[in-house]
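Written below as structure tokens is the structure these notes are about.
The values are calculated or read from the model by the stated rules, or taken from the named source; none is laboratory data. Since the structure is predicted, the reported quantities are computational estimates derived from the model, not experimental observations. Please note: Cβ atoms are built from the backbone with ideal geometry, for glycine as well, and neighbour counts cover all protein chains shown. In case anyone asks, the SASA skips ligands and DNA or RNA and just uses the protein heavy atoms, side chains included. Shrake-Rupley method; radii C 1.70, N 1.55, O 1.52, S 1.80 Å.
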Amino acid sequence: MAIPISISNFTPLTFLYLLLLPLPISSVNITDLLLSYPDLSDFTSLLTTTAVAADLSGRSSVTLLVVPNAYLRTATAELRPSSTNLADVLRYHVLLEYLSLSDLRLIPPTGKLVTTLFQTTGRADGNANSGSVNITFDASSSAVTFHSPTSNATMLSLIKTLPYNVSILSLNSLLIPYNLDLMASETRPPLGLNITKALIDGHNFNVAASMLTASGVVSEFEADEAGAGITLFVPTDAAFADLPSSVKFQSLPADKKAVVLRFHVLHSYYPLGSLESIVNPIYPTLATEQNGAGSFTVNISRANGSVAIDTGLVLASITQTVFDQNPVAIFGVSKVLLPKEYFGRNPIEENKPSDGGGVMASAQPPDIALSPGNSPGMYGPSSHLSAPPGLELRSAAAVVMVLRIFLSLSRLLKKAEKLLMCKKKKLILAFRNEMYN
């Protein structure tokens, strides 16, 4: 049955607003995507057995560089890396930016430096850009080449693409990060760090320690230490005391309170140095994994000499390092991180003035220095990591397209209005003629 839709109030401005609404990004299981390609079975198996597949869960806007079985078996037979460092090699093949074929063809001759998942482990040699891959495009041969400081690989083909979310490209060789001892074992502290005890020993996190224990989520966090590690942003006792009375955090149901606590955790180990190098990316949290990609994310940037975490409602800063040893990083933060998904419907009022950051009705983004999109040379100096997901050009093009559509609709409506006026005048004249005749 057809459903009538009233469009009497549907204006070009309404249409523009609908077009500008963000589209939800579905969570994608990359290993499931690869299962339909038998020639990539070895690479898929390595992603699963090394836990790198778990690192990819909840991430969006990535480009995965895969190596077919024949090339991969040759490379692993020659290199014979340890299982731990093989995982880092695989993380080096995950680019934290979505790159389509058209994006690759637009790369300038100097190349484009793109951050990898390996950079987030804190084990990359920052002085040599070993956490990044440089990409070049040869217009004469249409060849796309991926460069590490110690190896190169040529793109064979595009395997699969989910626009603005996941791109999978095949290469003819493994890429090896700079200064990575393939035979060495990764040094990690014994698993099973007691996070609650670490917070209590910090002498300023008693409220957070009690909430983590009461909610039971601390056991989830400690279980995640065995994978890619975790990074916790823990509000100080003063941060909880400074919550405005309009924020009913303690009144939330237990399940929602647990989601807010997961919102304070990143599902990877990020030492302070890595956080300080980030230029305004949006990062998923453990709450993202539970509620779907694109939700419960935080924006991390460097502002006023420290690391800032912006939720869209709250702008907090890292005040101290509680614990930082691979695979766990715990940082004290100045404010309780409130997700806009739970607290964004009604304006939040401050109880008292704040001298920097905090809960705001409309959080202002921090002033940051944008990194250059491309490196000056294949491995020239690089001051910042490239900002994933790196969609600035596509976003600008989309805005231009929407504006053109809006202008076209405006012109059409004006023409329609003129036609209606003409018809109205003709009808009036015809009516008058009838009356006089």
- request: Taking P327 as the residue in question, decide whether it is open to solvent by less than 10 Å² (accessible area, probe 1.4 Å) and over 23 Å from P244 (Cα atoms).
  value: yes
task: Determine which member of the set V144, V133 is under 24 Å from G273 (Cα atoms), part of a strand (DSSP E or B) and at pLDDT 85 or above.
output: V133
- prompt: Among helices (runs of 4 or more DSSP H) lying entirely in region 232-312, which contain 1 or more residues that are at pLDDT below 90 and in contact with a strand residue (DSSP E or B) (Cβ under 9 Å, 6 or more places away or on another chain)?
  reply: 272-277, 286-291
task: Could you tell me whether any residue of region 83-105 is assigned to a loop (DSSP other than H, G, I, E, B) and modelled with pLDDT under 85?
output: no
- request: Quickly run through region 266-283 and pick out the residues that are surrounded by fewer than 23 Cβ atoms within 10 Å (Cβ to Cβ) and not small (G, A, S).
  value: P271, L272, E276, V279, N280, P281, I282, Y283
- request: Determine whether L72 is assigned to a helix (DSSP H, G or I) and modelled with pLDDT under 90.
  value: yes
message: Yes or no: region 175-196 includes at least one residue that is modelled with pLDDT of 90 or more and in a strand (DSSP E or B).
response: no
- prompt: L16 is checked against (1) at pLDDT 50 or above; (2) surrounded by 13 or more Cβ atoms within 10 Å (Cβ to Cβ) and fails just one. What number does that condition carry?
  reply: (1)
query: List the pairs whose first member sits in region 34-58 and is touching a residue at least 60 places away in the same chain (Cβ under 8 Å), whose second member is open to solvent by less than 40 Å² (accessible area, probe 1.4 Å) and of a type in the set (S, T, N, Q), and whose Cβ atoms are under 6 Å apart, counting only residues at least 6 apart or on separate chains?
result: L34/T44; G58/T288
